[in-house]
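The values are calculated or read from the model by the stated rules, or taken from the named source; none is laboratory data. Computed from a predicted model, the values in this text were never measured in an experiment. No Cβ is skipped: glycine too gets one built from the backbone with ideal geometry, and neighbour counts run over all protein chains shown. Side chains included, ligands, DNA and RNA excluded: accessible areas come from the protein's heavy atoms. Shrake-Rupley method; radii C 1.70, N 1.55, O 1.52, S 1.80 Å.
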Amino acid sequence: DLLLRGAEIDKKFFGEKSQFYGEDMHNIGNSYYGLRDYANAEKYYLDAAKIKAATVGENDYDYATTIVMLANLYGDLGQNETAMKYYESAAKIIGATKDRQDTYANVLSNMGTLYSALGNYTKALEKYNEAKTILENLGMEKTGTYTSALVNIASAHFFMADYDKSLEIDKQVAEITK
């Protein structure tokens, strides 16, 4: 309710085609997404994407954050091709944003998870390893994000019946999280 009122205020002062209003639409989408009200989340994310495309452009990080959320939503709905399309677009934008490489690693990991859900463990492993390398280059080897990347890699190896490699990585995770 507060987000909706805030959006109306921004709409009144800045207009429907303002970056502020676009961000309001994104945040309202987040709330609906958190409530698992996917129909409303989709509506607000799509509105936010249109507004952000018009205000900041389709190559802007802020726009990419909205299409990542659309990708997450479509993945949750089982609309995997649509989800992958949005992830790929977001990855291009965020990957080119040098100070957002941790976010880029997260998008790659999400893509890996989608590939894994589709049974394409080789492609999943490729994305997980890309994410891991980025996190290592950022010095994030002692973070939960990094251990999650390792767990994803171990899972891909497990599903590819490479149990020894999966166990080796799981032991590495256990060592890091001690």
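Is it fair to say ASP164 is of a type in the set (D, E, K, R), over 26 Å from TYR61 (Cα atoms) and crowded, with 16+ Cβ neighbours inside 10 Å? Spelling it out, it is not the case that ASP164 is of a type in the set (D, E, K, R), over 26 Å from TYR61 (Cα atoms) and crowded, with 16+ Cβ neighbours inside 10 Å.
Of all the residues in the range 62-85, those that are assigned to a helix (DSSP H, G or I) and either within 14 Å of TYR115 (Cα to Cα) or open to solvent by 50 Å² or more (accessible area, probe 1.4 Å) (or both) number 11. Just one of (1) surrounded by fewer than 19 Cβ atoms within 10 Å (Cβ to Cβ); (2) at pLDDT 95 or above fails for LEU118. It is (2). The criterion of at least 3 residues that are within 21 Å of ALA83 (Cα to Cα) is met, among helices (runs of 4 or more DSSP H) falling completely within the range 100-178, by 101-117, 121-137, 144-159. Scanning the range 46-74 for residues that are among the aromatic types (Phe, Trp, Tyr) and farther than 19 Å from ARG36 by Cα returns TYR61, TYR63. For the range 82-95, the count of residues that are without any contact (Cβ under 8 Å) to a residue 60 or more places away in the chain and over 23 Å from VAL56 (Cβ atoms) is nonzero.
Give just the number: which of (1) open to solvent by 20 Å² or more (accessible area, probe 1.4 Å); (2) at pLDDT 95 or above does THR145 not satisfy? Going through the list (1) open to solvent by 20 Å² or more (accessible area, probe 1.4 Å); (2) at pLDDT 95 or above, THR145 breaks only (2).
With respect to the conditions (1) open to solvent by 30 Å² or more (accessible area, probe 1.4 Å); (2) at pLDDT 95 or above; (3) touching a Phe, Trp or Tyr at 6+ places or on another chain (Cβ under 8 Å); (4) under 25 Å from GLU23 (Cα atoms), GLU88 lacks only one, and its number is (3).
Taking first residues from the range 116-138 that are of a type in the set (Val, Ile, Thr) and partners that are assigned to a loop (DSSP other than H, G, I, E, B), the Cβ contacts under 9 Å between residues at least 6 apart in sequence or on separate chains come to THR122/MET160; ILE134/MET140.
Within the range 39-60, the set of residues being in a helix (DSSP H, G or I), more than 19 Å from ASP76 (Cα to Cα) and open to solvent by 40 Å² or more (accessible area, probe 1.4 Å) comprises ASP47, LYS50, ALA54, THR55.
Counting just the residues of the range 129-142 that are open to solvent by less than 60 Å² (accessible area, probe 1.4 Å) and aliphatic (A, V, I, L, M), which one comes out nearest to the chain's Cα centre (by Cα)? Per the criteria, the residue is ALA131.
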